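Colleague: What follows is a structure written as structure tokens; I'll ask about it next.
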Amino acid sequence: MHKLRTVRIHYLYIFIGSALLSAAFLFAVQRAVALLYSHYSGQSGVFFVRLIHWVINHIGTIPSAIILFVLFFSGLFILRSQKIADDLHAVLIGTLELADKGVTKEIKVLSGGELGQIAANLNRMQRIEVPNRGVATETMQDTPAVALLIRTRAILRALREVEEADNTDDGMEAQALLEAASVEARSMERFLENLIIES
């Protein structure tokens, strides 16, 4: 993995870029306010002149500049870092579905580097684990130990959920979970038969 495509470096780029853009924005605002103030300074009744006087007298020039810089910088930083936050959320949802159900849809991220590699690894693991429930695919046949492990875990998970459903007295759910475990067991049986025949 390229060292310049890590999450830490991405956040550093966003921080520096937001700071530079905020400084440029602050400079432009300062020049525009100075230009307008010099144009309207002779007209003390103009709202803009009264507003500038109020800001200078009650807040101060430097605190006003700091507040404006912080507000603009925060907005830019939040907008620019939203892509990484969305990618992290997509990876989080994918891992949650994998942990709960054993399957998840393809995880798509826009970032490269670490997040892109994590998403690619999870997608590859998903393709190896359960491409089609109840069907022994070429990928699974290439890795029989992994396929057997996955089937065994699926059966154990279903049985554990049946036990939890029994504790809550939900008979319909327990029946559905038992059927799912039965399907997994039959699939594993066919897979083992194929392995025996091929060997």
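The values are calculated or read from the model by the stated rules, or taken from the named source; none is laboratory data. Because the structure is a prediction, the values reported are computed rather than measured. Methodologically, a virtual Cβ is constructed for each residue, glycine included, from the backbone with ideal geometry; neighbour enumeration extends over all protein chains shown. Areas reflect the complete protein model, heavy atoms only, side chains present, ligands, DNA and RNA absent. Shrake-Rupley method; radii C 1.70, N 1.55, O 1.52, S 1.80 Å.
Colleague: Would you confirm, using the coordinates I've provided, whether residue 79 is within 30 Å of residue 108 (Cα to Cα), exposed (fewer than 12 other Cβ atoms within 10 Å of the Cβ) and without any contact (Cβ under 8 Å) to a residue 12 or more places away in the chain?
Modeller: Criteria met by residue 79.
Colleague: Going by what's in this entry, would residue 95 be described as open to solvent by less than 60 Å² (accessible area, probe 1.4 Å), among the β-branched types (Val, Ile, Thr) and modelled with pLDDT of 75 or more?
Modeller: Considered against the rule, which asks whether it is open to solvent by less than 60 Å² (accessible area, probe 1.4 Å), among the β-branched types (Val, Ile, Thr) and modelled with pLDDT of 75 or more, residue 95 comes out as yes.
Colleague: Which ranges mark the helices (runs of 4 or more DSSP H) fully within the stretch 1-116 that have 1 or more residues being under 20 Å from the mean Cα position of the chain (by Cα) and acidic (Asp, Glu)?
Modeller: Per the criteria, 82-101.
Colleague: I've got another one for you. Looking only at residues that are surrounded by fewer than 15 Cβ atoms within 10 Å (Cβ to Cβ) and among the β-branched types (Val, Ile, Thr) in the stretch 8-28, which one is farthest from residue 79 (Cα to Cα)?
Modeller: 9
Colleague: Can you pull out every residue in the stretch 89-119 that is of a type in the set (A, V, I, L, M) and over 30 Å from residue 160 (Cα atoms)?
Modeller: Of everything in the stretch 89-119, those that are of a type in the set (A, V, I, L, M) and over 30 Å from residue 160 (Cα atoms) turn out to be 109, 110, 115.
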